[in-house]
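A short reminder: the numbers here are calculations on the coordinates, not readings from a lab. Computed from a prediction, not measured in an experiment: that's the story for all the values here. Here Cβ is always computed from backbone atoms with ideal geometry, including for glycine, and neighbour counts include all displayed protein chains.
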Amino acid sequence: MRRPTPLLPVLAAVLLLSACGSERSGAQNGEAGAGGTASPTQVSDPAVDGVRITSLTLPSASASPSASASPTGSTGPGGPVTADDLTLPADSGVFAAYEVTNEGDTALTYTVLFDFTTAGGEVMSNRRETVRDVGPGRTVRGTVRLGVLEPGMSTVTRVKVAEVTKVPAAEAPPEAGVCPSSGIRVTADDGDAAMGLRVVGLRLENCGKQDYALDGYPAVGLLDEDREPVDGVKIFQGSGGISTVTGFDDPPRPVTLKPGESATAGLMWRNTTESGTAVNVPYVRVRAKAGAAPVMVTPHLDLGTTGKLGVSAWKRAAP
């Protein structure tokens, strides 16, 4: 006569699997990462421009990357590979919870640069997060993940707020794939530098459904850290003698952009510092043309003591 199979071991296995499933879900919500489970450590560092890290989660194993290995039971260059030799999951398991508080009187969009560092403060990597449309008096919470560490990097044990920029939400460049009601998307690139000369590119994309006409130069306004106008800088149409860059002094020509087409312009300056007070311009308000809706970009113009900024005319971008 066949005996019935005891249910207790089966039930225990089911419960164990369920517990593992819950733990994995917790990892996705900020409780576990590479190397096993980990609990967040509360952080009491003061806020930087309204941004504060509230907790840091590190994996129970080292957050340093390891070399790749073969599957369990296979043979690698150094002989048989065991479970202890396996590479940790691609994600380092390092992440931080943060909160953004708007203490102003207008809705703001924040862009935050987070540095992931060693215990000695050496930056191993950084991540940039954008938190959009934070209303006055509101606090928005989020999570920033380190992701994958490149081989050879040291162990990450800290995260800090390295830089915060904040622009009026109504003037913030749109996120990728979103077309503003104006039908145009204006953005700034990361710029190019050579021997003290700086050039930042502006790009205007017609993401609307109608043709968009340009004929001239973008109108730019320079703003300080409080987004107030900066005095003492002369803005030139063209290079203004700052330097000779091919095409920068080309005269403006009419450009009509069909939907999906783009135009480019540029900002040029030198960060030479001599006598006087150096001028730093973190924010630039850009209007594609007279009457256009403003867009505030953050190229961080370190103008030194030169007091000059050159602006090139709009040109049709190459397809």
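Okay, here's what the table says:
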quantity	calculated
Karplus-derived 3J(HN,Hα), 6.51/-1.76/1.60, for each residue of region 297-311, Hz, glycine and proline x	10, 10, x, 6, 7, 8, 7, x, 10, 6, x, 10, 9, x, 10
Residue-wise HN-Hα coupling along region 242-257, computed from phi with Karplus coefficients 6.51, -1.76, 1.60 (Hz; x: Gly, Pro)	5, 6, 9, 10, 3, x, 5, 9, 4, x, x, 9, x, 10, 10, 9
Long-range HN-HN contacts of THR54 with modeled amide H, under 5 Å	ALA97, TYR98, GLU99
10 Å beta-carbon shell around ASN280, net charge (K/R +1, D/E -1)	-3
For GLU261, residues with placed amide H under 5 Å, excluding near neighbours	ASN206
Volume of the Cα convex hull of region 203-319, divided per residue and given in Å³	105
Under Karplus coefficients 6.51, -1.76 and 1.60, residue-wise ³J(HN,Hα) of region 216-223 in Hz, glycine/proline x	x, 10, x, 8, 10, x, 9, 10
Residues with amide H under 5 Å from that of VAL245, placed H, sequence gap 5 or more	none
Sequence ranges 215-224, 95-104, ranked by mean other-Cβ count within 10 angstrom, highest first	95-104, 215-224
Summed side-chain charge close to ALA170 - residues other than ALA170 whose Cβ falls under 15 Å, Lys, Arg +1, Asp, Glu -1	+2
Global geometry of region 131-259, whether rounded, prolate or oblate, following the gyration tensor of its Cα atoms and the 1.5 cut on a/c	prolate
Packing-based order for 246-254, 127-135, 304-312, using average beta carbon neighbours within 10 Å, highest first	304-312, 127-135, 246-254
Listed peptides 151-159, 176-184 by packing density, highest first (mean Cβ within 10 Å)	151-159, 176-184
